[in-house]
Amino acid sequence: MRNPSTDKPQYSIGTVAEILNVSVESIRLYERKGLLLTAKGDHNRRTYSDADVERLRCIRTAINEQKISIEGIRRIHALIPCWKHLDCPMKQRLQCPAYRRNIAGCWTYRHEGNVCAARDCQACIVYHLSADCERIKFLIHNIDPATLADPAHCHQRTDS
Ligand code: SF4
């Protein structure tokens, strides 16, 4: 169960940059590339929540440790079958850029006349789950991690 307090925008971009030891320019770049959606507070200033900080931490891990490029992360986001998570009717899917294209996460598109048109992406389970580095594979394959066998039985092949 998600803790709604983690969604409360409270940090400035400068504070987030300090917390994560990343440049403000990098954070802005991730926003421009659609990896992150940002709330605007007073004076139209960007404000970030704890959930945003965790999302940025996941993005930094992917880039620095897993050597996945920004474009690579966009493509991974594009693989998330939002239509399965929101039970989107086939007629709407066939009209939807998130279903038809594979260049970026569903939240980067302007949605009209479909299940997402009136939804707030920043409050959506699909957007939130896409921030979890460890669970994104399950999100893409629409697998509930709770149903998986005990990981102790999953042995890494010695030759890989
Ligand atoms: S509401 Fe936004 S994040 Fe959720 S499925 Fe639709 S486009 Fe994706």
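List of remarks:
- Label-to-label distance, V115 versus E65, with points set 7 angstrom from Cα along the beta-carbon direction: 3.3 nm.
- Label point distance in nm, L29-K8, each placed 7 Å from Cα along Cα→Cβ: 3.3 nm
- Accessible area per residue in Å² at 1.4 Å probe, computed on the chain: 65 Å²
- Solvent accessible area, Å² - R60, 1.4 Å probe, full protein context: 60 Å²
- GNM result for the chain, Cα springs below 10 Å: residue of P97, P89, P81 fluctuating most strongly: P89
- Considered as an equivalent ellipsoid built on the Cα gyration tensor, the range 1-100 has semi-axes of 27, 18, 13 Å, the largest given first.
- Across the chain, the relative contact order, built from alpha-carbon pairs under 8 Å that are at least six residues apart, equals 19 percent.
- Taking amide H as placed 1.01 Å from N in the peptide plane, G41 has its amide H under 5 Å from the amide H of R46, T47, each at least 5 places away in sequence or on another chain.
- At most 10 other Cβ within 10 Å, DSSP loop - GluC sites (Glu not before Pro), the range 45-88: E65
- Simple label model, 7 Å out from Cα along Cβ direction - A123 to R45, nm: 2.5 nm
- Principal semi-axes in Å for the range 49-108 [√(5λ), Cα gyration tensor, largest first]: 26, 14, 8
The values are calculated or read from the model by the stated rules, or taken from the named source; none is laboratory data. None of the values given here were measured: they were computed from a predicted structure. Backbone-built Cβ (ideal geometry, glycine too); neighbour counts: all protein chains shown. Accessible surface areas use protein heavy atoms only, side chains included; no ligands, DNA or RNA. Shrake-Rupley method; radii C 1.70, N 1.55, O 1.52, S 1.80 Å.
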